[in-house]
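**Student:** The structure's right below; bear with me while I get my questions together.
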Amino acid sequence: MGRVMAVSFERYGRLYYLDPGQETYGVGDRVLVPTESGAEVAECVWAPEWVDDEPEFADLPVCAGRAGQTELDRDAANRRRRAEAKLVAKQLIKKNDLPMKVVAVDYIDSGADFDQLVVIYFSAPHRVDFRTLVGELARSLRARIDLRQIGSRDSARLIGGLGNCGRELCCATFLKDFEPVSLRMAKLQDLPPNPLKISGACGRLMCCLKYEHPLYAEFARQVPAVGQSVTLEGGEGTVVAHQVPADSVLVRMNATGATMSCSRASVCGSRHAYVSRTAAPEDAPAKPRRRRRT
């Protein structure tokens, strides 16, 4: 077991896990997080707790301590520079009539004069020639400029927002990597093939379709398929639908036409009996293969 804490650089933003070391922090404390560009200020949103040894909590960076007044002032100045850079970038993009949308801005201050770096993340429907824009941004902001084009999913992760469920976007809070999501997952979960209902804020299929897919796939392998005949205590019937959350299936009785909900155990008995009758015995000799005449 080990101690783990969670911090966020933005209010209601993505969570990052840290090793608190020997210190004790409370919710709301401003702490220093080690990054590639130096220690950055973040807010503690999850106080240190003892957790089991999980792969996601292995080899976590160690918190660099509480943020002092100097670090807090530097963080406030960097936030002002990011807001200024975002405003200037939007104005110059509109001036040059470029099909670009500024998503986020990152300001990296190394502490030396004329060595500041402004990273601007933008989205665009296609590749954009922004060579002129880079020069104008460098002269206006007096810093080195790095323009990076990102996709729709990364844009939603940086911007954040609410999903169809009413909660914060998964990609903006806890998801680390984007897993492939296919329309077959939505069909297996009996969701309507309407892009407006199964798409997220990024316009792509919702990542949460991946969460329950293993449960639906396992259920489909264990129960009779839709349209298959089953034998119940009340007679013969046909499976018309699966009810995975209720762990049951809907069966239409052949004699009366009534539809009833049956548990998985009641319909799997007939399937297992059919498999046992049709399966070849393990000790049965294999049939000799006929040799073709040449």
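**Student:** Counting helices only, and only those DSSP H runs with n ≥ 4, report the 222 nm mean residue ellipticity of the chain as the sum of -39,500 (n - 2.57) divided by its residues, in deg cm²/dmol to the nearest 500. Could the numbers behind the result be given before it?
**Tutor:** Details: 8 runs with 85 residues, N = 294.
Result for the chain: -8500 deg cm²/dmol, rounded to the nearest 500.
**Student:** Of LYS101/LYS176; LYS94/LYS210; LYS101/LYS197; LYS86/LYS176, which ones are farther than 29 Å apart at the Cα?
**Tutor:** On the way: LYS101/LYS176 24 Å; LYS94/LYS210 39 Å; LYS101/LYS197 25 Å; LYS86/LYS176 26 Å.
The pairs that break the limit, which is 29 Å between Cα atoms, are LYS94/LYS210.
**Student:** Then there is this: Once label points are set 7 Å from the Cα along Cα→Cβ at both ASP106 and THR35, what is their separation, rounded to one decimal in nm?
**Tutor:** 0.7
**Student:** Another one. Cα-based Rg of the range 209-266 per 2.2 N^0.38 Å, rounded to two decimals? Don't skip to the answer; put the middle values down first.
**Tutor:** Working: Rg = 11.9 Å, N = 58, 2.2 N^0.38 = 10.3 Å.
Normalised Cα radius of gyration, the range 209-266: 1.16.
**Student:** Looking at the range 35-80, I'd like the Rg to Rh ratio, where Rg is from alpha-carbon atoms and Rh is Kirkwood's inverse mean 1/r. Before the final figure, lay out each step's value.
**Tutor:** On the way: Rg = 13.7 Å, Rh = 13.0 Å.
My calculation puts Rg/Rh at 1.05.
**Student:** Enumerate the whole-percent occupancy of each 10 Å bin, from 0 to the last occupied one, for all C-alpha pair distances of the range 111-162.
**Tutor:** 21, 42, 29, 7, 0
**Student:** Two decimals is fine: what is log10 I(q)/I(0) at q = 0.23 Å⁻¹ for the range 54-98, from a Debye sum with one equal scatterer on every Cα and no solvent?
**Tutor:** At q = 0.23 Å⁻¹ the computed log10 ratios are -0.81.
**Student:** For the chain, treating each Cα as an identical point scatterer without solvent, what Debye log10 I(q)/I(0) comes out at q = 0.07, 0.13, 0.14 1/Å?
**Tutor:** Evaluating at q = 0.07, 0.13, 0.14 Å⁻¹ gives log10 I(q)/I(0) of -0.50, -1.04, -1.13.
**Student:** Could I ask something else about it? At 4 °C and 1.567 mPa s, grab the translational diffusion coefficient of the range 66-148 from Stokes-Einstein with a Kirkwood Rh over Cα pairs, rounded to a whole number in µm² per second.
**Tutor:** Values: Rh = 13.5 Å.
Reported coefficient: 96 µm²/s.
**Student:** Under 15 Å from a label point 7 Å along Cα→Cβ of ASP177: give me every residue in the range 47-73 with its amide N that close.
**Tutor:** 55-58
**Student:** Using only the Cα atoms of the range 1-155, what do you get for the radius of gyration and for Dmax, in Å?
**Tutor:** Values for the range 1-155 (Cα only, Rg and Dmax): 18.3, 56 Å.
**Student:** A further question on this structure: Only loop residues by DSSP count here, and only those with at most 15 other Cβ atoms within 10 Å; note down the trypsin sites (Lys or Arg not before Pro) in the range 1-93 that meet that.
**Tutor:** Working: sites: ARG3, ARG11, ARG14, ARG30, ARG66, ARG74, ARG79, ARG80, ARG81, ARG82, LYS86, LYS90; in loops: ARG11, ARG14.
Qualifying residues, ordered by number: ARG11.
**Student:** Turning to a different aspect of this structure: In the neighborhood of GLU23, defined by Cβ-to-Cβ distances under 11 Å, what is the net charge if each Lys or Arg adds +1 and each Asp or Glu adds -1? Present the calculation step by step, with values, prior to reporting the outcome.
**Tutor:** On the way: positive: ARG3, ARG66; negative: ASP19, ASP29.
With Lys, Arg at +1 and Asp, Glu at -1, the net is 0.
**Student:** Give me the tail of P(r) for the range 152-239 as a percent: Cα-Cα pairs with distance above 19 Å.
**Tutor:** Numbers: 1917 of 3828 pairs.
When all Cα pairs of the range 152-239 are counted, 50 percent exceed 19 Å.
**Student:** What does the net charge come to around GLY2 if you take all other residues with beta carbon closer than 9 Å to its beta carbon, with K and R at +1 and D and E at -1?
**Tutor:** Net local charge, GLY2 excluded: -2.
**Student:** Take the Cα gyration tensor of the range 1-82, multiply each eigenvalue by 5, square-root it, and list the three semi-axes largest first, rounded to whole angstrom. Each step should come with its number before you reach the end.
**Tutor:** On the way: eigenvalues 107, 30, 26 Å².
Largest first, the range 1-82 gives 23, 12, 11 Å.
**Student:** Only Cα pairs under 8 Å and at least 6 apart count here; give the relative contact order of the chain as a rounded whole percent.
**Tutor:** Numbers: 432 pairs, mean separation 27.2, N = 294.
Worked out over the chain, it gives 9 percent.
Every read-out reported here was derived from the displayed coordinates using simple, explicitly stated rules and does not represent laboratory data. Computed from a predicted model, the values in this text were never measured in an experiment. We place every Cβ from the backbone using ideal geometry, glycine too, and count neighbours over all the protein chains shown.
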